[in-house]
């Protein structure tokens, strides 16, 4: 834990631009997996296989479900505001001919974000979800591997999502891509 | 809100080398006053009064007392270890380091002048000075009108904390046993 956590009003907050320059200039090495949250660089834990396999399973099912209606990105940066650029596990993005080669997607490009949580459940729920809501990300799914539970979060507001539901049927989940699309996640857990 | 983030995830710790490069490359703007504490960049508040005048008084009196037997530096970064480069208010350094970046082995005494920063100085900076083996540190508490002298550094802090009996002849950690006249400090 941070040494200055008790008295921390004055920690310098980096901008997304600072953070990207640190990556481009090698101050943040390519071996590091990090995200920028409210101007602070957070290190992501190494990815375990239940987490990695679940992400692959969901991403592939989603791509089959949405076809050309969306781009499915895995562990890529999405910027939220001037001081936050997290790495969500899965991002379902508005289709774009350049596949976002010319710039990372922002809140207006995101249709759905998905976080798969093992040890990171509290971090995802208490740190990342409120920031996704504040940025206006319309929908987030949180997959709790330990609790074998998927929750759908909708109606973003400044302090969090107003609407949280746990779908009864994982076999027929509507994917918010603007056209009718259902994904079958039956064997998720 | 970010306190929650600190409890639940690992903040990336910058090295002193990273931090210096960020300054050289302009990622940390030249007008920003910062220090690196345990790999985190801390912003220093703007310099106000009576803080600035008090620091100037101490620096002046120290210079008079030490003459050429030590170097008095104001607000200069001191490299303590791979992840700490604080900017103490005043540093008394071994002679002959002019122009070079000061490291912990060059330090004879560090002084912090605290107005709003008392807790930060006492609870964050002093334990790190002690951990780095800085032999002596003074804390000038402007609000409480009190000078404390901290000696015998250990892994968790200074073992010896004392208040000098008067401010007219405060002993300096120099071989010549010079004293500094800090009368009028408070």
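Residues of region A:103-155 being closer than 22 Å to residue B:6 by Cβ and surrounded by fewer than 17 Cβ atoms within 10 Å (Cβ to Cβ), which ones?
Taking region A:103-155 first, the residues closer than 22 Å to residue B:6 by Cβ are A:115, A:117-135, A:142.
Passing the criteria: A:118, A:119, A:122, A:126.
Against the definition (modelled with pLDDT of 95 or more and either closer than 25 Å to residue B:44 by Cα or in contact with a helix residue (DSSP H, G or I) (Cβ under 6 Å, 6 or more places away or on another chain) (or both)), how does residue B:105 come out, yes or no?
Working: modelled with pLDDT of 95 or more: no; either closer than 25 Å to residue B:44 by Cα or in contact with a helix residue (DSSP H, G or I) (Cβ under 6 Å, 6 or more places away or on another chain) (or both): yes.
No; evaluated as a whole, the condition is false for this residue.
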Residues in region B:42-52: is at least one more than 7 Å from chain A (Cβ to nearest Cβ), surrounded by 19 or more Cβ atoms within 10 Å (Cβ to Cβ), more than 25 Å from residue B:131 (Cβ to Cβ) and in contact (Cβ under 8 Å) with a residue 40 or more places away in the chain? yes
Conditions first: (1) more than 14 Å from every other protein chain (Cβ to nearest Cβ); (2) farther than 20 Å from residue B:183 by Cα; (3) outside any strand (DSSP E or B). Residue B:122 passes all but one, so which condition is the exception? (1)
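Of A:72, A:78, which residue is in contact with a helix residue (DSSP H, G or I) (Cβ under 7 Å, 6 or more places away or on another chain) and within 16 Å of residue A:105 (Cβ to Cβ)? Don't jump to the end; show me each part of the working.
On the way: A:78 fails: in contact with a helix residue (DSSP H, G or I) (Cβ under 7 Å, 6 or more places away or on another chain).
On inspection, the qualifying residue turns out to be A:72.
Can you find even one residue in region B:54-71 that is under 17 Å from residue B:129 (Cα atoms), surrounded by 15 or more Cβ atoms within 10 Å (Cβ to Cβ) and more than 9 Å from every other protein chain (Cβ to nearest Cβ)?
Here is the first cut: in region B:54-71, the residues under 17 Å from residue B:129 (Cα atoms) are none.
No; the residues of region B:54-71 include none that is under 17 Å from residue B:129 (Cα atoms), surrounded by 15 or more Cβ atoms within 10 Å (Cβ to Cβ) and more than 9 Å from every other protein chain (Cβ to nearest Cβ).
Taking region B:128-146 on its own, how many of its residues are assigned to a loop (DSSP other than H, G, I, E, B) and surrounded by fewer than 16 Cβ atoms within 10 Å (Cβ to Cβ)? It would help to see each step written out before you state the result.
Within region B:128-146, the subset assigned to a loop (DSSP other than H, G, I, E, B) is B:132-135, B:142-145.
Filter again for surrounded by fewer than 16 Cβ atoms within 10 Å (Cβ to Cβ), leaving B:133, B:143-145.
Result for region B:128-146: 4.
The values are calculated or read from the model by the stated rules, or taken from the named source; none is laboratory data. Quantities reported herein were computed from a predicted structural model and do not represent experimental measurements. Cβ coordinates were reconstructed from backbone atoms using ideal geometry, including for glycine residues, and neighbour counts include every protein chain displayed.
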